[in-house]
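Visitor: I'd like to ask you about the structure that follows.
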Amino acid sequence: MTRFVLGRIGFYTLIAVLLAFFTIPLLWLAAAPFTSDPTYEVRVPDFTLDNFTAILEHPYALPSLLNSLILAVGTAALVVVFAALAAYALSRVRLPGRDALLYALLLLSSIITGTAAMVPLFQLAVELNLIDSQFGLILILTGGLLPAAIFMMKDFMDSTPKSYEESARVFGASPLQIVRHVVVPLVRPGLATIAVWAVANVWGNFLMPYLLLSDVEKQPAAVIMYTLYTEGGQANLTLLSTFGLLYSIPVVIMYLFVSKKYGFRFHGGIKR
Amino acid sequence: MAAIELRQLTKVYPGGVKALDSLDLVVPDGEFFALLGPSGCGKTTLLRTIAGLETATGGAVVIGERDVTGVQPGGRDIAMVFQDYALFPHMDVTDNIAYPLRIKKVAKGARHEKAREVGARLGLEQLMDRRPGQLSGGQQQRVALARVMATQAQAFLFDEPLSNLDARLRLEARTFLKKLQRELGVTTVFVTHDQAEALAMADRMAVMESGHIRQIGTPAEVFQRPANTFVAGFIGSTPMNLLDATVRGDTLEVAGCKVPVPSSAAGLLRDGESVVYGVRPEYNTYSDRPADGALGGKVVIVENLGASHLVTLEVAGVSVQAVVPEGNEPAVGDDGYASPRRDRALVYRDGELVSA
Ligand SMILES: Nc1ncnc2c1ncn2[C@@H]1O[C@H](COP(=O)(O)OP(=O)(O)OP(=O)(O)O)[C@@H](O)[C@H]1O
Ligand SMILES: [Mg+2]
């Protein structure tokens, strides 16, 4: 009996510690921006808005959020379009070695945007005159996300019955018409999932923009965050916490919006 | 409107399944043609090959004098109803019916007008703004029909369009579909594995078995004179009695009894040869008294068919079935006698019908 009680106590303590581990940073993020002179502790805020005034005055903070938006939306758009077309083709056409190709791409993709390919990627960007260009960065980010996106998208495509498309085909629809009229509406929840996933990925990506964009006016929020230091070389917690909050809000809103609209159900909303 | 002609049509699936084996078939203009056969015999494959959704491995598909073997489905001027109807779930009924016209670049106003017109004809006026998910199975079927009607195609292809309906609705839809086809006069090929459906609706029908057509004819021909034992066993709500027999002059020896040689085979049999004697339970007259040329045995099963009973007799170790009108049914264990109608009984030699 005692042993059981002790076991329970131990179990709940462990849970509490784990929870604290995740909640305390979140609490800090919610409280610190409204606290004058924040430290690493979580304190009850005194609800000042001075920190927000400070971040508004920072020359690169707000524009960097816009840069993040451009990169994220641009990449997501390319990823969704290319992944949908590629996944449709891969799902409907029997190719020898198709699955092997997909798995190889998936494996390699983690290298493209990973550390291993940094140097060649940098050189490639230089050669193609894509260094310090947001468009170039969008292309590289797209390349990194596409294989996984195709993989996920193909799953959606595989699970939609072929007879819809065949029916459209017999009526004389061209392949592109079939994709536009039939396939895209059917896999819309899948497209939404991929778009959200791509946006979140780019939003949080630090390494690639840090490497390929040297012009501070083009850098996204994730990189600007890294420059928020006081003159003394200390992390500037006032700016960091406030900027951190501003940085997370768009992603949270996006998740809420999309999950309300599509519910992130993997097969449906449309099919019965 | 156009006739459909298949010449030596062969379809081999990747992996080597020969789903259609050098098949010849002509469906004349305006005919309602049913394709019947057991599961896996190649009915769907045949329909899809006519539609162009499967490419033929060999042979030709001719629609209205035009060889369309190499033509894309959209260029064949046919319309198809799929087994699951394949109504687009994200479009309302109007848009679904108007979709073929959208592909033909008909302006929105005109095609919606046409959709309403066709919809009204099929009794869909009240449902035009609903999505397919908000319709019953029977309503979905009518929308699918309306959509193919809107195409004004040369020929219709239906893949088991009634199989998703419940038994009651299926009867209604059957009548409705046949009437509609009469009115439109469009050549229609109709796949089913329900032989009652084929018998009831078709002008002519084909019975298929593993990629071959085993018999083509009107429902009456196929029902009354099955060309081989496969068709004989397949057609009919109660399967035909197929009994081993030996020719003895003017009579056949069947399960130890003597029955007269059927009129269709008279003069075509050699004395002493082994054949198969076939008679439908409906053409067996049951009696509880012995009679000349009757098969006598013990009643082992009595099944209720509604207005009649299906009685199974055991005659010298083989089962013989007869349909008995209500009121006269025997009890299990009784002695019973089944007299085949001489003008309806058939003889098969090596599986093929013996006839002049
Ligand atoms: N895509 C395919 N690849 C390989 N074999 C196939 C394919 N589609 C069908 N087959 C095979 O071809 C044969 C005929 O199939 P088909 O679908 O035409 O039969 P069916 O007569 O329509 O049967 P059912 O009544 O069950 O619908 C079957 O043996 C089937 O296994
Ligand atoms: Mg089939």
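Visitor: Would you please give the residues with an amide H less than 5 Å from that of residue B:209, counting only those at least 5 places away or on a separate chain, with H modeled from the backbone geometry?
Guide: B:214
Visitor: Can I ask one more? Pull up the cross-link candidates among the lysines for residue B:258, meaning alpha carbon to alpha carbon under 19 Å and not fewer than 8 places away within one chain.
Guide: B:298
Visitor: Per DSSP helix of 4 or more residues, -39500 (n - 2.57); summed, then divided by the residues of chain A. What does that give at 222 nm, rounded to the nearest 500?
Guide: -22500 deg cm²/dmol
Visitor: How high is the relative contact order of chain B, in percent, with contacts defined as C-alpha pairs under 8 Å that are six or more residues apart?
Guide: 16 percent
Visitor: From the phi of every residue in region B:309-318, what ³J(HN,Hα) in whole Hz does the Karplus formula 6.51 cos²θ - 1.76 cosθ + 1.60 yield, where θ is phi - 60° and glycine or proline is x?
Guide: Using θ = phi - 60°, the values come out as 10, 9, 9, 9, 9, 9, 10, 6, x, 10 Hz.
Visitor: I want to check the label-to-label distance for residue B:29 and residue A:188. Put each point 7 Å from Cα in the C-beta direction and report it in nm to one decimal.
Guide: 4.5 nm
Visitor: Turning to a different aspect of this structure: Take every DSSP beta bridge whose two residues both sit in region B:4-234, then give the antiparallel share in percent to the nearest 5.
Guide: Roughly 50 percent of the beta bridges in region B:4-234 run antiparallel, per DSSP.
Visitor: Read phi for every residue in region A:23-31 and hand back ³J(HN,Hα) as whole Hz from Karplus 6.51 cos²θ - 1.76 cosθ + 1.60, θ = phi - 60°, with x for Gly and Pro.
Guide: Karplus-based 3J(HN,Hα) across region A:23-31 equals 7, 4, x, 5, 4, 4, 5, 6, 8 Hz.
Visitor: What is the distance in Å between the Cα centroid of region B:216-252 and that of region A:164-211?
Guide: Each part's Cα centre sits 57 Å from the other's.
Visitor: Right, here's the next one. On average, how many beta carbons from a partner chain sit within 10 Å of the beta carbon of a residue in B:82-95?
Guide: 4
Visitor: Could you tally the net charge around residue B:8, taking each other residue with its Cβ under 10 Å from the Cβ of residue B:8, Lys/Arg +1 and Asp/Glu -1?
Guide: -1
Visitor: Let me ask something additional. Which of B:325, B:226, B:132 moves the most in a Gaussian network model of chain B with Cα springs under 10 Å?
Guide: Fluctuation is largest for B:325.
Visitor: Over both sides of the A-B contact, add up the buried accessible area with a 1.4 Å probe and give it to the nearest 100 Å².
Guide: It comes to approximately 1900 Å² buried between A and B.
Visitor: List the equivalent ellipsoid semi-axes of region A:60-262 in whole Å, largest first, each obtained as the square root of 5λ for an eigenvalue λ of the Cα gyration tensor.
Guide: 37, 20, 13
Visitor: Something else now. I want the antiparallel fraction of DSSP beta bridges within the protein assembly as shown, as a percent rounded to 5.
Guide: Taking every DSSP beta bridge with both residues in the protein assembly as shown, the antiparallel ones total about 75 percent.
Visitor: From the square roots a ≥ b ≥ c of the eigenvalues of the alpha-carbon gyration tensor of region B:67-214, which class results: rounded (a/c under 1.5), prolate (a/b over b/c), or oblate?
Guide: Oblate shape, in that a/c is at least 1.5 and b/c is the bigger or equal ratio.
Visitor: Can you give the mean number of other chain Cβ atoms that lie within 10 Å of the Cβ atoms in peptide A:160-168?
Guide: 6
Visitor: Determine the calculated [θ] at 222 nm for chain B from helices alone, applying -39500 (n - 2.57) to every DSSP H run no shorter than 4 residues and normalising by the residue count; nearest 500 deg cm²/dmol.
Guide: Counting only the DSSP helices, I get -7500 deg cm²/dmol.
Visitor: Using mean Cβ contacts within 10 Å as the protection proxy, how do B:329-339, A:77-87 order, highest first?
Guide: With the highest mean Cβ count within 10 Å placed first, the list reads A:77-87, B:329-339.
Visitor: If you don't mind, there's one more thing I want to ask. For residue B:335, what is the net charge nearby, where nearby means another residue's Cβ is under 10 Å from its Cβ and Lys, Arg count +1, Asp, Glu -1?
Guide: Within the 10 Å Cβ shell, the charges total 0.
Visitor: How much net charge surrounds residue A:132 when only the other residues with a Cβ under 14 Å from the Cβ of residue A:132 are counted, with Lys and Arg +1 and Asp and Glu -1?
Guide: Spelling it out: positives minus negatives among the neighbours equals -2.
Visitor: Another one. With θ set to phi - 60°, apply the Karplus curve 6.51 cos²θ - 1.76 cosθ + 1.60 along region A:161-175 and write out the HN-Hα couplings as whole Hz, x wherever there is a Gly or Pro.
Guide: Along region A:161-175, the couplings run x, 6, 5, 4, 5, 5, 4, 5, 5, 5, 6, x, 6, 7, x Hz.
Visitor: While we're looking at this one, here's another question. Under 5 Å between amide hydrogens, which residues at least 5 positions from residue B:69 or on another chain qualify, with H placed 1.01 Å from N in the peptide plane?
Guide: Under 5 Å from the amide H of residue B:69 lie the amide H atoms of B:61, each far enough along the sequence or on another chain.
Visitor: Turning to a different aspect of this structure: Need one value for A:77-83: mean number of C-beta atoms belonging to other chains within 10 Å of its residues' C-beta atoms.
Guide: Per-residue shielding by partner chains comes out at 0.
Visitor: For a quick check: with amide H placed at 1.01 Å from N, whose amide H comes under 5 Å from residue B:190's, ignoring anything fewer than 5 positions away on the same chain?
Guide: The list, which skips near neighbours in sequence, is B:33, B:34, B:35, B:158.
Visitor: Related question: For the protein assembly as shown, with all protein chains present and a 1.4 Å probe, just round the carbon and sulfur fraction of the accessible area to a whole percent.
Guide: 58 percent
Visitor: Sticking with this one: Where the centroid of each part is defined by its Cα atoms, how far is region B:92-139 from region A:52-73 in Å?
Guide: For region B:92-139 versus region A:52-73, the Cα centre distance is 50 Å.
Visitor: Report relative contact order for chain A in percent, whole number only (criteria: Cα-Cα under 8 Å, sequence separation at least 6).
Guide: Here the relative contact order equals 28 percent.
Visitor: Using a probe radius of 1.4 Å on heavy atoms only, what accessible surface per residue do you get for chain B? Whole Å² is fine.
Guide: Spelled out: the 1.4 Å probe surface of chain B, per residue, equals 43 Å².
The values are calculated or read from the model by the stated rules, or taken from the named source; none is laboratory data. Here the structure is a predicted model, which is why all the values come from computation and not from measurement. Here the Cβ is made from the backbone with ideal geometry for all residues, glycine too, and neighbour counts use every protein chain on show. Protein only, heavy atoms only, side chains kept; ligands, DNA and RNA dropped before computing areas. Shrake-Rupley method; radii C 1.70, N 1.55, O 1.52, S 1.80 Å.
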